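Below is one structure; the comments refer to it alone.
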Amino acid sequence: MSFIFTEDNYCNATRHLGRAFFDCFEDLHVEVHGKQNTSRSNRYLHSWRFVENNPELPYLVHDTVAVANLFNLNTECSNTVVDDAEYIIQIEDECAQFQTSQDQLHVHRLMEFSFSVTYNHVWSVPVLHFRSQDLDGSMISRSRLLEFIKQGCYVTGNPDATIDGDENFISENEHPITGIPCFFLHPCKTSTRLHALSLSIQENFHESTTHDIRFHSLLLLSWLGMVLPAINFRISPCSYNHLLQKIKRLPISD
């Protein structure tokens, strides 16, 4: 079955979720920066905000984050200059070390990611867009992005952790608002997932109905929490709990 996330539902949920992130910012900031493991904590996306861009619909955006990506100097990337300080940056000891394994030299390289959530009128669902690039601004290839995703899945012990195990869920196009080339998670199955999430929300939050602004805000947050791990990012459990409490205290109607 499918679920129709109307334009009004999306607009209201986006505004309320963006405000909830903003209200929780200081708590989330302390939580993230208090962690010692930078390589993991910078995969937590806690700085979402909503943008009013009339005449377009409001949409969620997230500040650019830098993450370390392990690549092999003896593979197709070997022609890339990697000994430049622009690329090898000591964000922590493990990211500054070279490793030799089976006669192959590996190095951690920083990549930048930026994210946004927009509304797709054709499918009537939210869509996650993201741009991934090197520090010089050049967009990384889809094949390199998939390798980055696979590396993260092996680190977490789940090598098949993609949406339905299908690599084709990632597509490329221009961003519908900014016009900048980016990747996005194809929305063809989003309505089915939203339907499953809506049933779970109604079961676990009995006071929330499908006409309740809290319901649609919870639905958007739940969907975001579901799709981000498919590309090796997430909302931390503590942050997620903060947001749940904020949303549950919203008035029943907008």
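Hey, could you check segment 199-253 for residues that are assigned to a loop (DSSP other than H, G, I, E, B) and buried (at least 16 other Cβ atoms within 10 Å of the Cβ) and say which is modelled with the lowest pLDDT?
Initially, segment 199-253 is screened for residues assigned to a loop (DSSP other than H, G, I, E, B), giving 205-212, 232-233, 235-236, 249-253.
Checking the rest, the ones that are also buried (at least 16 other Cβ atoms within 10 Å of the Cβ) come to 205, 208, 212, 232-233, 235-236, 250.
Values: 205: 75, 208: 60, 212: 81, 232: 90, 233: 93, 235: 91, 236: 86, 250: 86.
Only one residue tops the list, namely 208.
Checking residue 188 against (1) over 15 Å from residue 114 (Cα atoms); (2) modelled with pLDDT of 85 or more; (3) surrounded by fewer than 17 Cβ atoms within 10 Å (Cβ to Cβ); (4) touching a strand residue (DSSP E or B) at 6+ places or on another chain (Cβ under 8 Å), which test does it fail?
Residue 188 satisfies all of (1) over 15 Å from residue 114 (Cα atoms); (2) modelled with pLDDT of 85 or more; (3) surrounded by fewer than 17 Cβ atoms within 10 Å (Cβ to Cβ); (4) touching a strand residue (DSSP E or B) at 6+ places or on another chain (Cβ under 8 Å) except (4).
Any residue at all in segment 137-155 that's within 15 Å of residue 233 (Cβ to Cβ), surrounded by 13 or more Cβ atoms within 10 Å (Cβ to Cβ) and at pLDDT below 50?
Yes: segment 137-155 contains one or more residues that are within 15 Å of residue 233 (Cβ to Cβ), surrounded by 13 or more Cβ atoms within 10 Å (Cβ to Cβ) and at pLDDT below 50.
Per-residue answers, yes or no, for (1) over 20 Å from the mean Cα position of the chain (by Cα); (2) modelled with pLDDT under 85:
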{"site": "6", "(1), (2)": "yes, no"}
{"site": "15", "(1), (2)": "no, no"}
{"site": "19", "(1), (2)": "no, no"}
{"site": "25", "(1), (2)": "no, yes"}
{"site": "31", "(1), (2)": "no, yes"}
{"site": "36", "(1), (2)": "yes, yes"}
{"site": "43", "(1), (2)": "no, yes"}
{"site": "48", "(1), (2)": "no, no"}
{"site": "55", "(1), (2)": "yes, yes"}
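The values are calculated or read from the model by the stated rules, or taken from the named source; none is laboratory data. Since we're looking at a predicted model, the values are computed, not measured. Please note: Cβ atoms are built from the backbone with ideal geometry, for glycine as well, and neighbour counts cover all protein chains shown.
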